[in-house]
1. Using a 1.4 angstrom probe, figure out how much accessible area the stretch 1-85 has per residue, in square angstrom, rounded to the nearest whole.
2. Can you give me the % of accessible surface on the stretch 41-144 that is carbon or sulfur? Probe 1.4 Å, all protein chains present, nothing else counted.
3. Quick one: which residues, 5+ away or cross-chain, put their amide H under 5 Å from the amide H of GLU270? H built at 1.01 Å from N.
4. Distance cut-off 26 Å, Cα to Cα: go down the list LYS90/LYS144; LYS32/LYS111; LYS35/LYS87; LYS98/LYS221; LYS35/LYS85; LYS32/LYS127 and report the pairs above it.
5. For THR63, what is the net charge nearby, where nearby means another residue's Cβ is under 11 Å from its Cβ and Lys, Arg count +1, Asp, Glu -1?
6. Using 0.36 nm per residue, how much length does the chain from SER21 to GLU47 gain when fully extended, once their Cα-Cα distance is taken away?
7. Report, please, the projected area of the stretch 126-178 averaged over directions, based on the convex hull of its C-alpha atoms, in nm².
8. Just order 2-13, 166-177 by mean Cβ neighbour count inside 10 Å, highest at the front, would you?
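The values are calculated or read from the model by the stated rules, or taken from the named source; none is laboratory data. Computed from a prediction, not measured in an experiment: that's the story for all the values here. When we count neighbours, we look across all protein chains shown, and the Cβ atoms used for this are built from the backbone with ideal geometry, even at glycine. The accessibility values were calculated without ligands, DNA or RNA, using every heavy atom of the protein model including side chains. Shrake-Rupley method; radii C 1.70, N 1.55, O 1.52, S 1.80 Å.
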Amino acid sequence: INDGFFAGHDNITHLDMSNCSIRGIVPDHFFKFPKLEVLDLSRNLLEGDLPGPAIASTNDTTTKLQYLSLHSNNITGPIPQGISKLKSLKHLDLSVNKMIGSINEELGELKGLEYLFLGNNDFSAGKFPAWLQNLTNLEELSLKNNNLSGEIPEWIGELTRLVLLDLGENFLNGTLPDSMGDLTKLWILILNSNNLRGSIPSSFRQLEYLETLLIDDNSFKGNTAPVCEGRGMDRITHFVSDCASNSSTSATAASGSIGGWEDPVLAEIECECCTLCCLDEDITCNDDEWIAHHEGHWQSGYERVYWDFEENGIVSEVTDAYDTLAQAWGLP
């Protein structure tokens, strides 16, 4: 792709060149197509910075872009200034690139965003972004491996439309806020590989739709009763915590692969409904990336139909996931 690629096609509404082994840069004129609603250039070999001046020059009359997916490329540079001009955006995926700098707070002005994936970039160290509090329409949020520190804020419970929340592989600390129990539509909650501590809030009893919960490689104590009790046969499909000890069968088997431990190691947390128990000392336990399936979201009218974690499979069958979510959302 170069600056002249596909230039002059002002009537185009959908441009999908995902997974086409394309090299080059993202042309600035792609952001000047007045009717373009979908731009999907994911899973390619694109590099260089995003065209900041072209993005900043857009307005409500020059762009209708709702879906921008650039994940899994080699794009560098910061999230450009002026990104807030893309007012129609519902879906923004910049994950799995080499972007740098601070996470641009202008994203907080995109109040129509429903899907925001920024994980696995090279952003500068920073606190949990305060501007996220403005994005109350978010349904899916991934800040995986974004060099974030500090505590998860109490206002996270205001994002009540969230169905997926991925904060894994950061440096977040402190305890989980009680307000997380207000996220009653949550289906996927990923918190593993942080520095979180304390107990599981009793408010987690309200998270009845949870199917994937990852809290391993933290320092939680106590038990997981707020998650496990009262679920009956509604077993969580993927629930991973630090509930192993080196006397347990699974931990003993795992120790053989990393040389074993001389001193006894007790479970950090008790869990009766976990599908996998880990020890912090076992770096091979739950070492999958847990990157949510990105493709095809726009093909379903910007609505998630199911989640497919590439290394761990589909969380729910498509029809079951849709029916349950429809019930949660009060849809026909």
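1. Working: 3700 Å² over 85 residues.
Using a 1.4 Å probe on heavy atoms only, each residue of the stretch 1-85 averages 44 Å².
2. Numbers: 1770 of 3580 Å².
Ligands and nucleic acids excluded, carbon and sulfur reach 50 percent.
3. Under 5 Å from the amide H of GLU270: GLY222, ASN223, THR224.
4. Details: LYS90/LYS144 20 Å; LYS32/LYS111 21 Å; LYS35/LYS87 14 Å; LYS98/LYS221 36 Å; LYS35/LYS85 16 Å; LYS32/LYS127 34 Å.
Cα-Cα > 26 Å for LYS98/LYS221; LYS32/LYS127; rest within.
5. Numbers: positive: LYS32, LYS35, LYS64, LYS85, LYS87; negative: GLU37, ASP60.
Net local charge, THR63 excluded: +3.
6. Numbers: separation 26, 0.36 × 26 = 9.36 nm, distance 1.21 nm.
Going from the current span to full extension adds 8.2 nm.
7. Details: hull surface 13.4 nm².
Computed as one quarter of the Cα hull surface, the answer is 3.4 nm².
8. On the way: 2-13: 11.2, 166-177: 19.8.
Those peptides, ordered most packed to least, come out 166-177, 2-13.
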